[in-house]
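These notes concern the structure reproduced below.
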Amino acid sequence: MKNKFYVTTPLYYVNAEPHIGSIYTTVLADVLASYHRMKGEDVFFLTGTDEHGQKVQQAAEKNNISPQEHCDKYSKQFREIWKEIDLRNDDFICTTEKRHERIVKKILMDLYEKGEIYKGKYEGWYSIAEELFITQKEYEEGKYREVKKISEVNYYFKMSKYQEKLIKHIEENPDFIQPENRRNEVLGFLKQPLRDLCISRPKTRLSWGIELPFDKDYVTYVWFDALINYISAIKYSIDDENFQRYWPAVHLIGKDILTTHCVYWPTMLMAAGIELPKTIFAHGWWMSEGKKMSKSLGNFIDLDTVREYFENVGDNAFKYFLMKNGPLFGDSDFSKERFYRVYNSDLANDFGNMINRIFKLIDKYFDSKIPEKMNLGKNEKTLQNNSDILIEDIFSLLENFRIDEMLNKIISYLGSINKYLEDEEPWKIAKSDLDKTGTILYSALASLRVAAGLLYPVMSSKMNDFLTVLNNGDKAETLLKWSELKSGTKIGKIKALFPRFDMKKIS
């Protein structure tokens, strides 16, 4: 049986279009999924949109359209950008879909019948903006917006019942919440008494939601509804074989939704008797010169801004920058200058120039055919051996989500190929020893091919352009074998993959 890898993004709320934050998380999920596919694993990659709640209802009313029309408009934007940048998600789920609603109602009914849900009165503070009941302390700290005092009867999930069990699971499973600073944050939160979770909203206040199966006067709280997507998409309780095929999942989230995913969701699963996720990985935020991005400060990178980068250097280069410099383990800074300097250094110089140099020499001296490798010397054997070490390192780092380090190692390997060419000087040797020249060019091209294979999950279309002109019929199982490059194959013409960006254009 194949190893499995099920990765999810959060469901993106349909009150804003895609931006650098949602693009980063989804590209990260796609890249992880692609590397695991390369390993031959059975992969399922899920993303989608969260479409219920008060803010959706209010936005629809403001624009004089139905809530569903509002949801469809924003959901379409997410689908389009994922397609535009060639993300290969296996499913896209919306919480307004019947397949999701059916599972939400089943879990609600099961928990209600088991006595895990009860009816009670709430009097206290409520954040309209966050659609969340908050404590007196949270109110005094001023963390939440649009807060008002409220008194109403609702349904509650016995979340507090599972506090100690959750703490035990986190302490005994260090990989459950990553990175470690997020794990410590959750454990710190759990030192205070855990309240039961209000999981309903009266229809008199909110009608846009999934109706409670045991009380038609209420709809489900948006977070209780949305979190269930991770199991509704893989047919929990509908197709047990499919569910077991993929669950448990690796959830990728931003640090701002840590509590919902690391406290609400695990306790819900515990109450339902469902295995907990394998890992919840909470990355940091993109910052701008040390400041949090916001529209009011004018440093927010929205979809239009992202597309400007696409127009200048392509979406593959943008994805590469996100993965190499992103906020995996802490916040990360984004600036135009930093972006284009990384592009020129890593891609235009290290990779692009090297490809052009090798192809020109093969065209000039070997009639555009991949030369034979004759006697491999010490330097050639070092390149080959280092490619094997690189592959091993990459897949070892993958298990720890170290995409940034993976790319640093690949770029370092590209640097070693470049140094090899500078040391061997095939453009000089060609005048006196074509056999030696052929061996040098074969070795450099075989090494480049391995690097391109390892970069494929990050920059699929650009690497496909390169691999296609090699005419080697590359497949995943041969792509990462240095000596599998076929001599005698006529290579095609290749245009500059990464044209150098003129830094003077930065305004």
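Between residue 3 and residue 118, the simple spin-label model (points 7 angstrom out along Cα→Cβ) gives 4.5 nm.
Three principal axis extents describe the C-alpha atoms of segment 274-364; from largest down they are 60, 42, 21 Å. For the listed residue pairs 364/436; 324/504; 319/409; 360/381; 2/83; 419/481, the alpha carbons are over 26 angstrom apart in 2/83. When the alpha carbon gyration tensor of segment 283-420 is reduced to an equivalent ellipsoid, its three semi-axes come out at 36, 20, 10 angstrom, largest first.
Distance between Cα centroids, segment 138-215 to segment 430-462: provide it in whole Å. Using only Cα atoms to place each centre, the spacing works out to 54 Å. Remark: relative contact order (segment 414-507) = 23 percent; criterion is Cα-Cα distance under 8 angstrom and separation of 6 or more residues.
For segment 26-65, the average shadow cast by the Cα convex hull is 4.1 nm², which is a quarter of the hull's surface. Once the Cα-Cα distance is subtracted from the 0.36 nm per residue extended length, the residue 110 to residue 311 segment shows a gain of 67.3 nm.
Kyte-Doolittle mean at least 0.5 and Cα extent at least 27 Å along the axis: which DSSP H helices of the chain qualify? Mind dumping the intermediate values first?
On the way: long enough: 378-398 (30 Å, -0.31); 403-424 (32 Å, -0.25); 434-455 (31 Å, 0.99).
Qualifying helices: 434-455.
Close amide-amide hydrogen proximity is noted between residue 280 and 177, 178, 251, each under 5 Å apart and 5 or more residues distant or on a separate chain (H modeled in the peptide plane; Pro and chain starts excluded).
Candidates 471, 443, 377 compared by Cα position along the dipole of segment 335-505: farthest toward the positive end lies 471, with charges placed on Cβ.
How high is the relative contact order of the chain? Use alpha-carbon pairs under 8 Å, at least six apart in sequence, and give a whole percent.
15
Lys/Arg Cβ at +1, Asp/Glu Cβ at -1, dipole of the chain taken about the Cα centre: which of 134, 144, 366 is farthest positive-ward? The residue sitting farthest along the positive end of the dipole is 366. Under the convention that each Lys and Arg Cβ holds +1 and each Asp and Glu Cβ holds -1, the size of the dipole of the chain around its Cα centre is about 520 debye.
Over the chain, dividing the summed -39,500 (n - 2.57) contributions of all DSSP H runs of at least 4 residues by the number of residues returns a 222 nm mean residue ellipticity of -14500 deg cm²/dmol.
Protection proxy ranking of 100-110, 387-397, by the mean of other Cβ atoms within 10 Å over each peptide's residues and highest first, is 100-110, 387-397. Amide H contacts under 5 Å for residue 49: 12, 93, 94, 95, restricted to partners 5 or more places along the chain or on a different chain, H placed in the peptide plane at 1.01 Å from N.
For segment 253-353, the Cβ-based charge dipole about the Cα centre amounts to some 220 debye (Lys, Arg positive; Asp, Glu negative; other atoms uncharged).
In this simple spin-label approximation, residue 216 and residue 506 carry label points 7 Å from Cα along the Cα→Cβ vector, and these lie 6.3 nm apart. Cross-link check: pairs 73/148; 336/373; 76/203 evaluated at a Cα-Cα cut-off of 32 Å; pairs beyond the cut-off: 336/373. Scalar couplings 3J(HN,Hα) for segment 138-146, obtained by applying the Karplus form with A = 6.51, B = -1.76, C = 1.60 to θ = phi - 60°, are 5, 5, 5, 6, x, 6, 10, 9, 6 Hz; x denotes Gly and Pro.
Taking label points 7 Å from Cα along the Cα-to-Cβ direction, residue 419 and residue 333 give a separation of 2.8 nm. In straight-distance terms, cross-link reach from residue 161 covers every one of the lysines whose alpha-carbon lies under 19 Å from its own, apart from those fewer than eight places away in the same chain; here that gives 114, 119, 121, 191. In terms of Cα atoms, the Rg and Dmax of the chain work out to 26.3, 90 Å. Within segment 431-488, the percentage of alpha carbon pairs spaced more than 18 angstrom apart rounds to 33%. In plain terms, the bigger the Kirkwood radius, the slower the diffusion; for segment 1-129, with that radius from Cα pairs, at 20 °C and 1.002 mPa s, Stokes-Einstein puts D at 125 µm²/s. Enumerate the residues in segment 39-63 having an amide nitrogen under 15 Å from the point lying 7 Å beyond the Cα of residue 146 toward its Cβ. Residues 52-63 qualify, since their backbone N sits under 15 Å from the label point.
For the ranges 138-146, 68-76, 20-28, what's the packing order if you count other beta-carbon atoms within 10 Å of each residue, average per peptide, and put the highest first? Mind showing how you got there, number by number?
Numbers: 138-146: 11.8, 68-76: 17.1, 20-28: 22.3.
Per-residue Cβ counts within 10 Å, averaged per peptide and sorted highest first, yield 20-28, 68-76, 138-146.
Think of segment 1-128 as having a plus end and a minus end, set by charges on the Cβ of Lys, Arg, Asp and Glu; of 27, 5, 85, 5 sits farthest toward the positive end of this dipole. Taken over the Cα atoms of segment 335-505, the convex hull encloses 118 Å³ per residue.
Bear in mind that the values in this text are calculations on the coordinates, not laboratory data. In this text, all values refer to a predicted model and were calculated from it rather than measured experimentally. FYI the Cβ positions are ideal-geometry reconstructions off the backbone, even for glycines, and counts take in every protein chain you see.
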